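Novice: Quick one: structure below, then a few questions.
The values are calculated or read from the model by the stated rules, or taken from the named source; none is laboratory data. Predicted model only: the values in this text are computed from it and were never measured. Using ideal geometry, Cβ is built from the backbone for each residue, glycine included, and neighbour counts are taken over all protein chains shown. Heads up: the accessible areas ignore ligands, DNA and RNA and are worked out on the full protein's heavy atoms, side chains in. Shrake-Rupley method; radii C 1.70, N 1.55, O 1.52, S 1.80 Å.
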Amino acid sequence: MKKHFLYVLGLMLLTTSCVGEDFFGLSGFGNIKDISVSNQASNAQITNDSLSVRVEIPAGVDLSTIKIEKLELSSFASADKNVGDLLDLNTPQSITVTAEDGSTYQWKIASFVAAENPQLDNFDLNLWYKTSTDYFEPGADAASTIWGTGNPGTQILNKLATTPFDLGIDNLAAKMETLDNGRLAGTFGAPISAGSIFTGVFNSDNIDPTNPEAAIEFGTPFAGRPQKIRFKFSYVPGPENKDKSGTLLDYGDACDIYALLEVRAGGKTERLATAWFRSDATAAELSEKEIPFTYGELDSSFPDYTRPADEAYVSRDSANFVLPTHITFVASSSFDGANFAGAIGSVLIIDDVEMVYE
C-alpha cells in the first residue's frame, strides 16, 4: 500500500510539473533562464525581450575576473560560455546561446553597483503571483522571485500551508498555518504540513515525501552587513503539539524566524552571522520585533539549534569585515515541521522583513 501511495504521489507530480517550453519537434528557444556569478549581490535581472542580463555587484569588486557560477538555459540549448568561465564586466559581455534547432541568440550581460545597505526584494511581502496550478506564491513572478514556500509539495494533497494574508489598505502579509495532512498521509509518517516561507527555490524534481526540506534550495544572493533584522509578526500555537507518530509532546509548539548570512565559495558554505527568534508564546496581535545579528562563531550561550550542523563559520578575522554572498531567511509556524512534528492549528503571520543598518 505504501508503494501505491508513493506511486500516486509521483504521478500527481508528473502531471502538475509541465515545462512551458516543452513541445514536439526541435526547440527554437534560446533563453538564459537563470545565471549567477561570483560576488553577485542579488538575483540576476533577466529580460527575454531584449536578451539582456544585469547583475548587481558590490562596489570595490574587481570586475575583470567575474566567474560564472550557474548558467541555466532553455531545454536542449547550449552556450559559448560555461560554468567556471570568467567575464570582464568592466564592459558588457556577450553570451551566444544556440537553440536545439540551430537558432542563435546574442545575450548581453552587464553589471551595476550594488546598494550599500541592501534590503530583500519584496521584503514587505505585498507582491504575490498566481501559479499555473492556481494558487499564490510570494513575489512578482516565478522567474524573478527570491521567495519560496512549501506549497509546491503540499498542494498535491490539496493543502496550502502558506497563503497571502490581507491586512487591509493594500497591505499583504504571509500567513503560515500547520495543517492536518489527513489519515493516509499520517499513516506514512507525514501527518502535518507546517507553513513556511524562505529565501530560495523549491525544486519539485527533488520532492521526497519523507523529507520536506529535500526539495528546498535555501538562500539568495546578498551582500550587506546589517546589524539587526526587523519584522512584524503574530503567533498563536495550536493546542496539541505532537511528533510524527502522533504522540503528544510535553512541550508546546513554537514558531521559528531566523536569518543567516553566509559566504559560499568553492563548494563550501560558511556562516558569517546569525539572527534567530524561536518562541512558543502567544502573540495574538501583530507587533514589531528586532533580532540582532551575531557575527562570527556563536558561543555557548546560544542554543544548539542556532549553530551550523558542521560548525562551519568564516574565520574570526573575516567575520569583522567580509561581505556575505548569500542570505537564508526562514519563517515557519512549527519549529520542528521538517520532522513532521507540530501542533495542528499553529498560525504565524509575518510582514515587513527589514534589514537594519546603523
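Novice: Identify all residues within segment 39-64 that are part of a loop (DSSP other than H, G, I, E, B), modelled with pLDDT under 90, in contact with a strand residue (DSSP E or B) (Cβ under 8 Å, 6 or more places away or on another chain) and surrounded by 12 or more Cβ atoms within 10 Å (Cβ to Cβ); write none if there are none.
Specialist: Within segment 39-64, N39, Q40, A41, S42, N43, A44, P58 meet the criteria.
Novice: Now for a separate question. So for segment 344-358 (the condition being of a type in the set (G, A, S), buried (at least 22 other Cβ atoms within 10 Å of the Cβ), touching a strand residue (DSSP E or B) at 6+ places or on another chain (Cβ under 6 Å) and modelled with pLDDT of 95 or more), does at least one residue qualify?
Specialist: No, because not a single residue in segment 344-358 is of a type in the set (G, A, S), buried (at least 22 other Cβ atoms within 10 Å of the Cβ), touching a strand residue (DSSP E or B) at 6+ places or on another chain (Cβ under 6 Å) and modelled with pLDDT of 95 or more.
Novice: Starting from residues that are open to solvent by 70 Å² or more (accessible area, probe 1.4 Å) and in contact (Cβ under 8 Å) with a residue 40 or more places away in the chain, keep the ones in segment 69-99 and report whichever is nearest to the chain's Cα centre (by Cα).
Specialist: E72
Novice: List, please: which pairs have Cβ atoms under 8 Å, are six or more places apart or on different chains, and start with a residue in segment 46-59 that is free of Cβ contacts under 8 Å to residues at least 40 places away in the same chain and end with one that is part of a loop (DSSP other than H, G, I, E, B)?
Specialist: N48/N31
Novice: Just for segment 323-343: of the residues that are in a strand (DSSP E or B) and among the hydroxyl-bearing types (S, T, Y), which one is surrounded by the most Cβ atoms within 10 Å (Cβ to Cβ)?
Specialist: Looking at residues that are in a strand (DSSP E or B) and among the hydroxyl-bearing types (S, T, Y), I get S332.
Novice: Criterion first (over 30 Å from S193 (Cβ atoms) and open to solvent by less than 60 Å² (accessible area, probe 1.4 Å)) does I156 satisfy it?
Specialist: No, not satisfied.
Novice: Right, something else. Of the numbered conditions (1) over 19 Å from V347 (Cα atoms); (2) open to solvent by 10 Å² or more (accessible area, probe 1.4 Å); (3) part of a helix (DSSP H, G or I), A185 satisfies every one except a single condition; which is it?
Specialist: Condition not satisfied by A185: (2).
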